[in-house]
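Presented below is the structure to which this report refers.
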Amino acid sequence: MRVIIVGCGKVGSAIINSMVEDNHDVTAIDNSSEVINNITNTYDVMAVCGSATSREMLLSAGVNKADLFIAVTESDEVNMLACFLARRMGAKHTVARIRETEYNEDGLDYLIKELDLSMALNPERLTAEVLFDQLKLPSAVNVDNFAGKKLQMLELIIKDGSPLNKASLMDVRKKCSVQFVACAVQREDEVHIPTGTFVLEEGDRVAFMVKRADTHKFLKNIDAVQKQGRDVMVLGGSTTSYYLAKILAANGFYVKIIERDGERCAELADILPNGVSLIQGDGMNHDLLWEEGIKSTDAFVALTGTDEENILISFYASSQQVPKVIAKVNQAALADLAENLGLDSVISPRKLVADVLQRYARALNDTLSSKVETMYSLMDDRAEALEFAVLSDCKLIGKPLKELRLKPNTIIAGIIRGKETIIPSGDDVITEGDRVIVVATDAHLYDLSEILR
């Protein structure tokens with residue numbers, strides 16, 4: 001598929017990387033020659049230096065033949081205009097990053113319709129929604145939702161003293177009153193799709209698939225329930241902090257935001273609801289954090305614009321026994337380092353956006369027997385979880401799962417059939433119209449049939 005990406009900053013580069021991984025024909029556009037040189041030195045893509053609102057530039061980039069046109073510059077207006085022009089010039093699908101709150105809260109649907117956009121992306125709001133899912137389930141270091149949240153994948157880290165430590169999955173299943181599938185286990189640098197005889201160990205990162213209705217019962221069964229706190233301290237008054245505070249306040253949480261800049265504090269105070277406190281000060285100052293009650297807060301979220309600050313202050317929050325600590329870290333190397341040093345929950349907005357667009361690009365392929373509806377990267381990108389909509393000519397229809405010859409390191413983790421949610425066993429079958437969730441390592445799946453040998 002031919003993909004044009006406008007704006008090659010942090011988010012754009014992450015999108016380019018994911019599209020190249022999926023073997024798309026990528027063209028990058030940026031108005032900085034230095035950025036273009038870095039892109040061509042890093043990726044095997046065509047790159048053009050210039051303005052994406054120039055008709056001549058778009059023609060030279062082949063916009064009339066583009067299957068997908070993505071604009072993620074720093075300017076919402078440039079993104080919208082570039083997408084509008086690209087659509088008029090022949091691009092089949094267009095996606096614009098639109099970040100400003102004034103666009104997102106009033107008339108976004110109108111803009112999408114009038115500009116003929118396929119999708120509008122707001123990384124900050126997307127990040128806030130993912131953060132909210134993690135704060136609702138503090139036991140999990142990551143939460144992914146499938147089929148309209150009917151199924152949830154919970155990533156847990158096995159701690160010392162956990163009843164899962166030294167237990168085989170077969171034994172865990174016998175003692176657990178809730179159906180579940182252990183989809184993947186990351187142990188140091190290796191990721192396994194485990195069988196029933198797999199024995200869990202301290203430090204393992206395990207992805208469990210459970211019905212959403214059974215989530216809390218499952219966590220209680222495995223002695224992994226962590227009380228959901230209502231007091232959340234947020235470091236940094238970013239746009240992400242704004243969206244997160246609005247969501248939390250609407251759901252009964254008390255939020256305290258610490259922000260250095262006085263003008264930004266005043267701005268947020270005017271637009272945020274009751275239940276959100278604004279504190280002007282340096283959140284890297286430990287005395288200030290003590291004064292504002294870090295020892296008694298239920299969760300701490302570091303959302304400054306600097307990865308290093310977020311990591312350091314998150315380790316400090318962990319040292320103060322804050323039950324749930326989350327750090328925003330965009331740089332992959334720093335995220336890996338933070339997790340290796342013991343920071344459990346790390347979130348990357350640029351990676352979230354890249355995953356959304358990677359899923360969308362795969363879903364555009366309408367020549368296959370299934371369609372990708374949802375996709376998440378797991379275990380430091382070493383595994384994927386995908387939700388497929390099963391079409392009439394799918395090879396897997398009507399056969400018991402135990403008779404299917406699946407490729408190694410692949411598992412069917414869930415089936416949604418209408419209003420019924422199924423944690424699959426070997427006797428279950430796939431039917432037309434089902435949504436099927438697959439977890440696989442070292443694979444880039446476009447079609448459900450690709451899981452067969």
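The values are calculated or read from the model by the stated rules, or taken from the named source; none is laboratory data. What you see is a predicted model; the values in this text were computed from it and never measured. For neighbour counting, all protein chains shown are included, and Cβ atoms are generated from backbone atoms with ideal geometry for every residue, glycine included. For the accessible areas, the whole protein counts, side chains as well, though only heavy atoms, and no ligand, DNA or RNA atoms are used. Shrake-Rupley method; radii C 1.70, N 1.55, O 1.52, S 1.80 Å.
Scanning region 332-350 for residues that are surrounded by fewer than 21 Cβ atoms within 10 Å (Cβ to Cβ) and touching a Ser or Thr at 6+ places or on another chain (Cβ under 8 Å), we see that the one that is nearest to residue 157 (Cα to Cα) is 342.
Among 283, 252, which is the only one that is open to solvent by less than 20 Å² (accessible area, probe 1.4 Å), under 24 Å from residue 347 (Cα atoms), modelled with pLDDT under 95 and not hydrophobic (A, V, I, L, M, F, W, C)?
Testing whether each residue is open to solvent by less than 20 Å² (accessible area, probe 1.4 Å), under 24 Å from residue 347 (Cα atoms), modelled with pLDDT under 95 and not hydrophobic (A, V, I, L, M, F, W, C) leaves just 283.
The residues on offer are 125, 99, and the sole one that is under 22 Å from the mean Cα position of the chain (by Cα) and either in a loop (DSSP other than H, G, I, E, B) or small (Gly, Ala, Ser) (or both) is 99.
Say we look at region 287-315 and pick out the residues that are among the β-branched types (Val, Ile, Thr) and farther than 16 Å from residue 138 by Cα; which of these is surrounded by the fewest Cβ atoms within 10 Å (Cβ to Cβ)? Spell out how you get there, then give the answer.
Taking region 287-315 as the starting set, the residues that turn out to be among the β-branched types (Val, Ile, Thr) are 294, 297, 301, 304, 306, 311, 313.
From what's left, farther than 16 Å from residue 138 by Cα: 294, 304, 306, 311, 313.
Values: 294: 22, 304: 22, 306: 15, 311: 22, 313: 25.
Among them, the one singled out is 306.
For residue 422, the criteria (1) touching a Gly at 6+ places or on another chain (Cβ under 8 Å); (2) touching a residue at least 40 places away in the same chain (Cβ under 8 Å); (3) closer than 26 Å to residue 142 by Cβ hold in every case but one, which is (2).
Selection over region 1-46 of residues that are in a strand (DSSP E or B) and buried (at least 23 other Cβ atoms within 10 Å of the Cβ) gives a count of 8.
Show me the strands (runs of 3 or more DSSP E) found entirely inside region 282-382 where at least 2 residues are under 23 Å from residue 413 (Cβ atoms) and in contact (Cβ under 8 Å) with a residue 12 or more places away in the chain.
On the way: elements: 299-302, 324-328, 345-347, 370-378.
So the answer is 345-347, 370-378.
Filter region 35-91 down to the residues that are of a type in the set (D, E, K, R) and either modelled with pLDDT of 95 or more or within 30 Å of the chain's Cα centre (by Cα) (or both) and list them by number. Even if it seems obvious, please write down each step before you answer.
Our first condition is that a residue be of a type in the set (D, E, K, R); within region 35-91, this holds for 44, 55-56, 65, 67, 74, 76-77, 87-88.
Those that are of a type in the set (D, E, K, R) and either modelled with pLDDT of 95 or more or within 30 Å of the chain's Cα centre (by Cα) (or both): 44, 65, 67, 74, 76, 77, 87, 88.
Among residues of region 316-331 being open to solvent by less than 40 Å² (accessible area, probe 1.4 Å) and within 23 Å of the chain's Cα centre (by Cα), the one that is farthest from residue 230 (Cα to Cα) is 330.
Working only within region 110-142, note down all residues that are in contact with a strand residue (DSSP E or B) (Cβ under 9 Å, 6 or more places away or on another chain) and under 21 Å from residue 73 (Cα atoms). Give the steps one after another, and end with the answer.
Residues of region 110-142 in contact with a strand residue (DSSP E or B) (Cβ under 9 Å, 6 or more places away or on another chain): 111-112, 115-123, 127, 130-131, 133-142.
Correct list: 111, 112, 115, 116, 117, 118, 119, 120, 121, 122, 123, 127.
Among residues of region 262-276 that are closer than 11 Å to residue 237 by Cβ, those with a beta-carbon under 6 Å from a residue that is among the acidic types (Asp, Glu) at least six positions away or on a different chain give the pairs 265/259.
Just to be sure, is residue 234 crowded, with 21+ Cβ neighbours inside 10 Å and free of Cβ contacts under 8 Å to residues at least 60 places away in the same chain?
Working: crowded, with 21+ Cβ neighbours inside 10 Å: yes; free of Cβ contacts under 8 Å to residues at least 60 places away in the same chain: no.
In short, no.
Against the condition without any contact (Cβ under 8 Å) to a residue 60 or more places away in the chain and assigned to a strand (DSSP E or B), how does residue 52 come out, does it pass? First the steps, then the outcome.
Values: without any contact (Cβ under 8 Å) to a residue 60 or more places away in the chain: yes; assigned to a strand (DSSP E or B): no.
Here the answer is no, as residue 52 does not meet what is asked.
Filtering region 339-386 to residues that are in contact with a Leu (Cβ under 7 Å, 6 or more places away or on another chain) and small (Gly, Ala, Ser) leaves 361, 369, 370, 385. Within region 93-108, if we keep just the residues that are in contact with a strand residue (DSSP E or B) (Cβ under 7 Å, 6 or more places away or on another chain) and of a type outside the set (A, V, I, L, M, F, W, C), the residue that is most open to solvent (accessible area, probe 1.4 Å) turns out to be 93.
Here residue 252 meets each of (1) under 30 Å from residue 422 (Cβ atoms); (2) without any contact (Cβ under 8 Å) to a residue 60 or more places away in the chain with one exception, condition (1). Restricting region 255-267 to residues that are buried (at least 17 other Cβ atoms within 10 Å of the Cβ) and among the hydrophobic types (A, V, I, L, M, F, W, C), the residue that is farthest from residue 105 (Cα to Cα) is 258.
Mind telling me which of the residues 14, 96 ends up being out of contact with any Pro (no Cβ under 7 Å at 6 or more places or on another chain) and either at pLDDT 95 or above or of a type in the set (S, T, N, Q) (or both)? Before you say what the answer is, go through the steps one by one.
On the way: 14 fails: either at pLDDT 95 or above or of a type in the set (S, T, N, Q) (or both).
Matching residue, one of 14, 96: 96.
Against the definition (under 16 Å from residue 212 (Cα atoms), open to solvent by 10 Å² or more (accessible area, probe 1.4 Å), in a helix (DSSP H, G or I) and free of Cβ contacts under 8 Å to residues at least 24 places away in the same chain), how does residue 133 come out, yes or no? Here the answer is yes, as residue 133 does meet what is asked.
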